[in-house]
Every structure is written in C-alpha cells, then in structure tokens.
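No lab work stands behind these numbers, since they all come straight from the coordinates. Small disclaimer: the values here were computed from a predicted structure and weren't measured. When we count neighbours, we look across all protein chains shown, and the Cβ atoms used for this are built from the backbone with ideal geometry, even at glycine.
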C-alpha cells in the first residue's frame, strides 16, 4: 500500500495565503479608501475653485464642471491605488518620508501643470500650501485605509 506524503513546500505555500475573508476585507478597504480619496479630492477642488484659489482652464466638460473631473474620477483613484500599495509595504518611519516625498513631487507637478496651462493658481497662492495640503491629504487617506482595514 502506497501512502502519499505532503511536501513541506506545499504546506508552506498554503500557510502563507490569506483566507478568502481576509482578502475580501483587504479588497473592501482598498475600494472604500479609493472612493473616499476621490470624493474628498472632488470636494476640496470644488471648495478651492469656488474660493478662486485655483482653476482648471483645460478640463473635460468645461461647460458643466468647474473642476477637472478626469483627474478626480480617474487620476486620483489610480494614484491612490499605487500610494496604498507602496505605503503598505513600508516600515513606520519610511511612511512619513514617503508621504513627504510624494507631496514634494505633487507640488512640483502642479508647477509643471501651470507651465503647460492645465492649472492656474491665483496670485496669492504659495506652493507651500500645496505641499502641506498633500501631506495632510495623504495622511488622512492612509489613516482612513487603516481604519477600514481594522473593521
């Protein structure tokens, strides 16, 4: 009579996989956070455009929307997905460095967008506002994701 032995490699692979409920919880936290980031970004843009701090001269459906809905409905969810993917894998102190670095990159991207004509700030705007705004925004998004993951 032959008996089959289980491979140690097979047992190791099984033990590393998350149970289905943990994966679906993780997926739900991602989706919830992406939707929250898009919603928050949309309302922040509506607020700052309404206060005339900045504007989007080139935007889809400009006769209907005062903000760039392509960014808030496509760009922001994609960027949020990458942000969550990378920040999840980092140690605590690196997360802060990552947020600061991404905030600097976004601030510089705004300047480039202004040079191209996609984005216009009013004369009193200081780009340091953008930097601190992105730091706060990403910190809120990360905290929201952690909160959703713990539920």
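Report the label-to-label distance for residue 74 and residue 92 in nanometres (one decimal), using points 7 Å from each Cα along the Cα→Cβ vector.
In this crude spin-label approximation the distance works out to 4.0 nm.
Determine the shape class of the range 61-138: with a ≥ b ≥ c the square roots of the Cα gyration tensor eigenvalues, call it rounded for a/c under 1.5, and otherwise prolate if a/b is greater than b/c, oblate otherwise.
Taking the square roots of the gyration eigenvalues as a ≥ b ≥ c, the range 61-138 is oblate.
Using 1/(1 + (r/R0)^6) with R0 = 30 angstrom and r between the beta carbons of residue 62 and residue 124, what's the FRET efficiency to the nearest 0.05?
0.80
Starting from the Cα-Cα distance between residue 109 and residue 24, subtract it from 0.36 nm times their residue separation and give me the gain in nm to one decimal.
27.2 nm
For 123, 45, what ranking results if the residue with the fewest other Cβ atoms within 10 Å of its Cβ goes first?
123, 45
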